[in-house]
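Notes for the one structure printed next.
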Amino acid sequence: MIVTTTPAVEGRPVQHYLGIVTGEVIVGANIFRDLFASITDIVGGRSGKYEQVLQRARKEALAEMEAEAAKLGGNAVVGVDLDYEVIGQSGSMLMVSCSGTAVVV
């Protein structure tokens with residue numbers, strides 16, 4: 001499956017447009033991760049645990065979108081957009097969503 005943020009795949013013209021496909025993943029932030037992330041914020045540096053959670057959520061959202069495109073008979077998704085949102089009353093949840101157009105190239 002080819003997945004790209006561009007509107008087309010260079011050298012491979014779109015044969016059929018199959019429709020919009022999406023993937024959404026919502027993950028909860030662990031209280032211990034929050035504690036260590038706040039310490040990292042105070043002393044500086046990167047928060048490796050949050051980065052791991054973001055990476056996992058992004059991969060899962062993209063995989064969900066690719067699976068939806070495959071069900072439609074597509075072999076590529078073009079025009080992909082990724083979005084990250086903090087949700088929940090206390091901002092304790094993270095949503096990663098992606099969307100694009102399933103196509104046959």
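Spin-label model, residue 14/residue 70: points 7 Å from Cα along the beta carbon direction are separated by 2.2 nm.
Under the simplified labelling scheme, the residue 4-residue 56 pair shows an inter-label distance of 3.2 nm, with each label point 7 Å from Cα along Cα→Cβ.
Our coupling estimate for the range 78-86, obtained by passing each phi through the Karplus curve with A = 6.51, B = -1.76, C = 1.60 and θ = phi - 60°, is 10, x, 5, 10, 10, 9, 10, 9, 9 Hz, Gly and Pro reported as x.
Computed from the coordinates by the stated procedures, all read-outs in this text should not be read as laboratory data. Please read these numbers as outputs of a predicted model, since none were measured by experiment. A quick note on method: Cβ atoms are made from the backbone with ideal geometry, for glycine too, and the neighbour counts reach across all protein chains shown.
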